[in-house]
Structures are given as structure tokens and as C-alpha cells.
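Beneath this line is the structure, given in C-alpha cells, with notes to follow.
Nothing in this text is a laboratory measurement; each read-out follows from the coordinates by a stated rule. Bear in mind that the values here come from a model prediction, so they are computed numbers and not experimental data. A quick note on method: Cβ atoms are made from the backbone with ideal geometry, for glycine too, and the neighbour counts reach across all protein chains shown.
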Amino acid sequence: MSSSPKVPEITPQSQLPKPRRTGGAGAWLFCLLILTLGGLGGGIWWYLNEQETAQSNMIAESTPAPTLPETPPAPQPLPEETVPSEDPAPEESVAEETPSAEDVETQTSQEEAAKMVRPAFVEDLAQWMVRCYRPQNKSAPTIFTPMSANLRYGAKLQSFKFPGEDLFNNRAALLRHAFRAPVLERLYTLHGDSFIPALKDAAKKAKPPLSEAQTQDMLRVYGTQLASLAQGIQGVLQLPNLRQRLRTLEDMSQSTLAINALVAEKVFQLDTARENKNLIMESAVQKEIDILAAQYRRSVQGRESAEQELVRDIRKTAGQRLNAATILFLARWIDRRMQRTPENAIAAARQGEDILQQISAKMLQEAQ
């Protein structure tokens, strides 16, 4: 009786890199940019509604009365149309400036974003980051990452306020209105300074509460991390062929998934051949599985090599302190936004980079 051929170990499909989903992970850059920006949340809607369209001024010009000579000549009749009027000249109005469609859209986004981002967001963010801090672990003093922020605030939309319960539509609305450079700037101007005090307050109320030295260390850790994230965004934006490089990675991932699906099909055929004790069929299918397994390994290795090369190229300009997973996360997120509105996405990402740097500087100063 012949020994049963062995099936190469195949990585389950659930563990393979998933192909990119268009429009999916929705709100996670707003979470990344607003979250790491420093609690740009809530309490702003009443302020934003004070913005009004500029009204034009009216310019009134009055025609002065004619000056008569000291010795007036004999009165001469004037033509009727030339007799100066005693009434002032009619006011000359300046045409009102009509707001552009872009200005109207920006103001609408400011108002809508303010309704979604409530004061509870700042408090929740501060409390969560304090819980993520690990003072006893010097090598990894925090478990906070952009990916974990995406899970909490991008997928679950924790502490945001929406009129409905449809997560997909809510996430899309949050990104559509909040991920704009003027909106991010306004949020930061109004509430950026409130985040560090919220962090300190959360540190005092933690269980157990953080000591003053631990609180300063926490601010130092997060200040350094936010500066690294800003540099990562800068590196991604400076890569000229980002879309092409990520498309190549997506195609590689799809190819890997396709090979894995074929392997699963062949494994089923192999099991059927064994049940039927069809040794000839079993041997033939096993050879096909071996060939596919080799193709699968080459496909995975090729994708990993392309990812490593992309990370190296981004690190050539900035983001040297970020790990590869975070750099790829930022690159894919920014790329998805750029596919929809390239100019707005680039401007918003640069605004986020600047805000991250400002928050980082304030944290590091507080930690001294």
C-alpha cells in the first residue's frame, strides 16, 4: 500500500493580504489626522455659524452746490437740463460679491464637521491614549498606532455624533466634510490647545493615576510619535509615482489570492481521489498542488519585495523612524483620498502634517 502524498501547507485565505477596497475603511484618516492632531473635537458648531457672507459697502457721492463769483453777473436763464439739482446725486452701489461654490462648500463642511465632532471626542481620545501608555515598557511605551486609531475611531466611529446609525454613510460623511485643509485648520485653531490639558487630566484620573514624571514621559513619547507620523505623511506626499506603485502591489495581492483559490480547489480534488482510492488521480493532483504552492510562494515573496522597496523609497525623504506597516498604512490611506479629489486631498494631508508638527512641539515642550 503506497504512502499518502503530503499536501504543502497553504496559508488560509483569511490570512492573506486583502485586496484594496474602494471607499471602504472610510473615516480612518480623519481619525488619524484629527485623532493624532490633538483632539480637534467638538463644541465648535455655534462658532462656525457666525461666519457670514461679506456684504458690500454703499458709496454715496453728493454733487456740491456750484460756487458763484463774488459779483454775480446779470442772471442768465439756463437751459432746463443744466440747472443744478438741490438733491444729492443718487448713491452709486457696488455690486455684491457672490461667494464662490468652493467657499460655500467649505463653509458647509465646517458646519457639518462641527456637528459630528463633539466635546466627548476630545475626552475619549485623551482617556484612550492614557490607557495605551505603558510606563513600565521602555522599549514600547505605548500601544497607540494609526492602525489602532483606525479601528476605534474609523471603524467604530467612537464618540462621534451622527443623525443616523448607518456606519458606512456616517464614515463617508465624516471624511467628505472633515478631510479638508480649511476645516482641519479651523478645528485646530479653536480646540488644538485643549488636548494636552485633557491628557493631563486623564492621567490624574487613570487607575492607577500617573505620577508627574510618568505624565511628562507620556507627553514625550506621544510628541515624538506625532512628529514621526508627520514625517511619514511628508515622505508619502513626496513620492511621485505613488499611485502606480500601489496599483502594482494591489495586482500582486490579487494574483496571490487567485493562486490560493486554485490550491484550495486542488486540495478538494486530492481529498476526493483519496476517498475513492484513485492513486493515479491522487498523484496527478498532488503534482499540480506542488506547482501551485511554488507559484504561491513566489507571488508572496514578490509582493513583499515590492512593499519593502516602496517603504525604502518613502524613507529616502522622510519617515525614517516609522515601521514599514505604518508607512504602508499612510500611503494607502492618502492614495485612496487622492483618487477622489487629488488637490483637496494633498492640501488636507499637508495641513495635517503641519498640525501634527505643532502638537508635537507643544507636547515636547510640556514634557521638559
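Report the dimensions of region 241-316 along its three principal axes from the alpha-carbon atoms, largest first, rounded to Å.
Principal-axis extents of region 241-316 (Cα, largest first): 58, 15, 12 Å.
Note the full-extension length gain between ARG243 and LEU190 as 0.36 nm times their separation in residues minus their Cα-Cα distance, in nm to one decimal.
On the way: separation 53, 0.36 × 53 = 19.08 nm, distance 3.45 nm.
Once the chain is fully extended between ARG243 and LEU190, it gains 15.6 nm.
Per residue of region 137-145, what does 6.51 cos²θ - 1.76 cosθ + 1.60 with θ = phi - 60° give for ³J(HN,Hα)? Whole Hz please, x for Gly and Pro, Karplus curve as stated.
9, 6, 7, 9, x, 8, 9, 6, 9
Stretched out fully, how many nm does the piece from GLN269 to ARG134 gain, at 0.36 nm a residue minus the Cα gap?
Gain on extension, GLN269 to ARG134, equals 43.5 nm.
With each label point set 7 Å from Cα along the Cα-Cβ vector, what nm distance links LYS287 and GLN339?
4.1 nm
Give me the number: length gained by fully extending GLN365 to ILE280, i.e. 0.36 nm times residue separation minus the C-alpha to C-alpha distance, one decimal in nm.
On the way: separation 85, 0.36 × 85 = 30.60 nm, distance 7.39 nm.
My answer for the length gained is 23.2 nm.
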